[in-house]
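To keep things clear, I will list the structure first and then write my remarks on it.
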Amino acid sequence: MALDGATASVGITDHAQRALGDVVYVSMPAVGTTVTAGEPCGEVESTKSVSDIYSPVDGEVTEVNAEIDDDPGLVNADPYGAGWLFRVRLADGAAELPPGMLTPAEYAELTKDTE
C-alpha cells in the first residue's frame, strides 16, 4: 500500500507475487464499494492457487486498475508500479500509515529470510 494524501493505492507485495507464481486473473472491488481493513475484498488467481486480497484500510474504492483486466501479469512484472490493483479514499481522511501497518523497511526485514 502506498499513501498519497488521504488516498491509498493497494496492491500486493513483490514477495507475495513471487509466492503466488504467474497471476492469471484478479477480482477487484468495484468503484464505490466500501472496504474494511483486514477483510477480504477481492481475489488473485495464479497458476498455483487462488488467494484473497485483504484491504489494508477502511474507506471507499475510488479507482480500479483496468489494465489488470487486460494483463494480470502486470502484478508480477511491476507490483509496486503498473501492477497496483485499486485506490481507496481513507474513511478517516488520515494521511499516515494505519496503526499496525508495516513500513516498507519493516516488511523487508520480516520477509528477508523467506526470499
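The values are calculated or read from the model by the stated rules, or taken from the named source; none is laboratory data. All values derive from a computational prediction rather than experimental measurement. For neighbour counting, all protein chains shown are included, and Cβ atoms are generated from backbone atoms with ideal geometry for every residue, glycine included. Ligands, DNA and RNA are stripped out before the accessible areas are found, and what is left, the full protein with its side chains, is counted by its heavy atoms. Shrake-Rupley method; radii C 1.70, N 1.55, O 1.52, S 1.80 Å.
Checking region 37-44 against the condition returns a match, with at least one residue being in contact with an Asp or Glu (Cβ under 9 Å, 6 or more places away or on another chain), among the aliphatic types (A, V, I, L, M) and either over 19 Å from G100 (Cβ atoms) or open to solvent by 40 Å² or more (accessible area, probe 1.4 Å) (or both). Only one of the listed residues (G38, G11, G81) is in contact (Cβ under 8 Å) with a residue 60 or more places away in the chain, under 13 Å from the mean Cα position of the chain (by Cα) and within 20 Å of Y107 (Cα to Cα). That residue is G11.
Does V75 satisfy the criteria of being in contact with a Pro (Cβ under 9 Å, 6 or more places away or on another chain) and either aliphatic (A, V, I, L, M) or at pLDDT 90 or above (or both)? Walk me through it before giving the result.
Details: in contact with a Pro (Cβ under 9 Å, 6 or more places away or on another chain): no; either aliphatic (A, V, I, L, M) or at pLDDT 90 or above (or both): yes.
No.
Tell me yes or no: at least one residue of region 71-86 is among the hydrophobic types (A, V, I, L, M, F, W, C) and open to solvent by 70 Å² or more (accessible area, probe 1.4 Å). Yes, some residue in region 71-86 is among the hydrophobic types (A, V, I, L, M, F, W, C) and open to solvent by 70 Å² or more (accessible area, probe 1.4 Å). The residues listed here are V44, V50, V57, V26; of these, the one that is β-branched (V, I, T) and more than 13 Å from the chain's Cα centre (by Cα) is V50.
Report every pair of residues separated by at least 6 positions or lying on different chains whose Cβ atoms are under 8 Å apart, first residue within region 95-115 and within 16 Å of G11 (Cβ to Cβ) and aromatic (F, W, Y), second at pLDDT 70 or above and open to solvent by less than 80 Å² (accessible area, probe 1.4 Å). Hits for this filter: Y107/T13; Y107/H15. Whenever a residue of region 14-28 is aromatic (F, W, Y), its partners that are open to solvent by less than 50 Å² (accessible area, probe 1.4 Å) and not in a strand (DSSP E or B), lying with C-beta atoms within less than 9 angstrom and at least six residues away or across chains, give the pairs Y25/P72.
Suppose we filter region 17-35 for residues that are more than 16 Å from R87 (Cβ to Cβ) and surrounded by fewer than 17 Cβ atoms within 10 Å (Cβ to Cβ); how many remain? Give the derivation first.
Kept after step one, since they are more than 16 Å from R87 (Cβ to Cβ), are these residues of region 17-35: 17-25, 27.
Next cut, surrounded by fewer than 17 Cβ atoms within 10 Å (Cβ to Cβ) only: 18-19, 21-22, 24-25, 27.
The qualifying residues number 7.
Selection over region 56-69 of residues that are farther than 15 Å from A6 by Cα and at pLDDT 95 or above gives a count of 5. Taken together, the residues in region 36-64 that are in contact with a Gly (Cβ under 8 Å, 6 or more places away or on another chain), of a type in the set (S, T, N, Q) and within 14 Å of S9 (Cα to Cα) amount to 1.
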